[in-house]
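The values are calculated or read from the model by the stated rules, or taken from the named source; none is laboratory data. What you see is a predicted model, and the numbers here were worked out from it, not measured in a lab. Here the Cβ positions follow ideal geometry from the backbone for every residue, glycine too, while neighbour counts run over all protein chains shown.
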Amino acid sequence: MKVTPSSKVVGDLALSLVGSGVDVEDFAADPARYDIPDSVIGFLRGELGTPAGGWPEPFRSRALEGRGPAKPEVPLTAEDAAALDGTSQQRRETLNRLLFPGPTAEFLAHREKYGDTTGLSANQFFYGLRHGEEHRVELEKGVTLLIGLEAISEPDERGMRTVMCILNGQLRPVLVRDRSIASEVPVAEKADKNNAGHIAAPFAGVVTLTVGEGDTVAAGDTVGTIEAMKMEAAITAPRAGTVARVAIGAVQQVEGGDLLVELRTNETAAE
């Protein structure tokens, strides 16, 4: 578990040496011959500050030899400075983003896709549900969800399986893509939640579009309908614009979040 900037450096270096089977004495004598993790190089360049006991020489000079200049210092913005003086959560989130931009971006992408998974145990997170086992997940203080795996269907032509789960005694079906199965059905494009011009399928079902490329729509206009389990609902435009692209056929089975229509709004056209 990597918990602090310096322990991440130690962990990255240890994993790199063990994974590559490198002799420690050879590495210490001539580190320039080896691929060294970026976090270690950054530490040796002083990006985390200067160690209280000084730098490990001549190892440091040898490791940095021929590796190019250090990253240029970027002044702290007024917004970041205010966040660092804010609440504990604001300070923590800002430090994560400033110190570890890559891992922080991956973490936020994981949260966006899967939600908060911190309530899962290590076995639940890495190995998933198992037949005959009841899993307890604490959603919040005093609120516990009991989860069990009942059955898994055969895959369909798209590689989708229906996973029958029991949630607090209620049977619930969940569609899951089996990544181990190759499917000839093309993978649908997903809508970008940060793109105001993207119109997504609200849930899985059969979509019938009523607009085409070049059509002009107003906010609230119907661009199509979706039908699932004998339920039909209208899909409307969230804002006014022109249909720049239709991402699916006139009538097509989709999954929730699939991109249906891309609108070109007045703001987009101005840019």
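Would you pick out the residues in segment 104-122 that are assigned to a helix (DSSP H, G or I) and farther than 20 Å from Val174 by Cα?
Residues satisfying the conditions are Thr104, Ala105, Glu106, Phe107, Leu108, Ala109, Ala122.
Conditions tested, residue by residue: (1) in the same structural domain as Gln253 (by TED's automatic domain parsing); (2) at pLDDT 85 or above; (3) under 30 Å from Leu48 (Cβ atoms).
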{"site": "Leu108", "(1), (2), (3)": "no, yes, yes"}
{"site": "His135", "(1), (2), (3)": "no, yes, no"}
{"site": "Glu140", "(1), (2), (3)": "no, no, no"}
{"site": "Ile147", "(1), (2), (3)": "no, yes, no"}
{"site": "Pro155", "(1), (2), (3)": "no, yes, no"}
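Just wondering, is there one or more residues in segment 71-82 that are basic (Lys, Arg) and either in the same structural domain as Asp38 (by TED's automatic domain parsing) or farther than 30 Å from Pro31 by Cβ (or both)?
So far as segment 71-82 goes, no, none of its residues is basic (Lys, Arg) and either in the same structural domain as Asp38 (by TED's automatic domain parsing) or farther than 30 Å from Pro31 by Cβ (or both).
Name the pairs: first residue in segment 33-56 and in the same structural domain as Gly11 (by TED's automatic domain parsing), second residue surrounded by fewer than 16 Cβ atoms within 10 Å (Cβ to Cβ), Cβ to Cβ under 6 Å, at least 6 apart or on different chains?
Arg45/Ala70
Failed condition for Lys2, given (1) modelled with pLDDT of 85 or more; (2) in contact with a Lys or Arg (Cβ under 6 Å, 6 or more places away or on another chain), with all others met?
That leaves (1) as the condition not met.
Any residue at all in segment 246-260 that's modelled with pLDDT of 90 or more, assigned to a strand (DSSP E or B) and surrounded by fewer than 17 Cβ atoms within 10 Å (Cβ to Cβ)?
no
Quickly run through segment 205-245 and pick out the residues that are buried (at least 16 other Cβ atoms within 10 Å of the Cβ), closer than 17 Å to Ala191 by Cβ and of a type in the set (A, V, I, L, M, F, W, C).
Val207, Leu209, Val211, Val217, Val223, Ile226, Ile235, Ala237, Val243
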